[in-house]
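Here the structure comes first, spelled out in structure tokens, and everything after it is commentary.
The values are calculated or read from the model by the stated rules, or taken from the named source; none is laboratory data. Please read all numbers here as calculations on a predicted model, not as lab measurements. Because the Cβ atoms are built from the backbone with ideal geometry, glycine has one as well, and the counts that use them run over all protein chains shown. Surface areas here come from the heavy atoms of the whole protein model, side chains and all, with no ligands, DNA or RNA. Shrake-Rupley method; radii C 1.70, N 1.55, O 1.52, S 1.80 Å.
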Amino acid sequence: MKVLIVDDSRGMRMMIRRAIRQAGFGNLTFEDAANGQEGLEKYDSFAPDIILSDWNMPVMDGMDFLKAVKRKNAGVRFGFVTSQATLVMKQEAKKAGALFLISKPFTPDNFKDHLDPYLS
């Protein structure tokens, strides 16, 4: 299975990848992007099974990225990994089609709980 990680911090993208592997998902292929615009380009060429995106990024933020991807493929699996996780944001994300929102800081167990239904 293929996972696209979109976050403006290279270090955070590496931490997410490591946490996913520590959660027991070792047989995945990863690709990453630094913002939503790059994420759209990677989406077209990589065809991920699931997308994990930050909310606040330059060029194109996570919510605009989610909406753009959903226009391409309404069934795409998409979740947020963000430091801002207010109730309003969670509601807005769900309404736009996100499956979940993982708050930073996170643990491998957070990824296990949220990704298991989609990657197992």
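Does Ala93 fit the bill of being on the phi > 0 side of the Ramachandran plot and of a type in the set (A, V, I, L, M)? Break it down stepwise before answering.
On the way: on the phi > 0 side of the Ramachandran plot: no; of a type in the set (A, V, I, L, M): yes.
So Ala93 does not fit the description; no.
Just one of (1) open to solvent by 40 Å² or more (accessible area, probe 1.4 Å); (2) free of Cβ contacts under 8 Å to residues at least 24 places away in the same chain trips up Asp49, so point out which.
Evaluating Asp49 over (1) open to solvent by 40 Å² or more (accessible area, probe 1.4 Å); (2) free of Cβ contacts under 8 Å to residues at least 24 places away in the same chain leaves (2) as the failure.
Anything in segment 64-104 that is of a type in the set (Val, Ile, Thr) and out of contact with any strand residue (DSSP E or B) (no Cβ under 7 Å at 6 or more places or on another chain)? List them, or say none. Quick ask: steps written out before the conclusion?
The first filter runs over segment 64-104 and keeps only residues of a type in the set (Val, Ile, Thr), leaving 69, 76, 81-82, 86, 88, 102.
Passing the criteria: Thr86, Val88.
Taking segment 81-120, which residues are of a type outside the set (Gly, Ala, Ser), within 19 Å of Met1 (Cβ to Cβ) and buried (at least 17 other Cβ atoms within 10 Å of the Cβ)? Steps first, please.
Of segment 81-120, the ones of a type outside the set (Gly, Ala, Ser) are 81-82, 84, 86-92, 94-95, 99-102, 104-119.
Now narrow it down to the ones that are within 19 Å of Met1 (Cβ to Cβ): 81, 99-100, 102, 108, 110-119.
Passing the criteria: Val81, Leu99, Phe100, Ile102, Asn110, Phe111, Lys112, His114, Leu115, Leu119.
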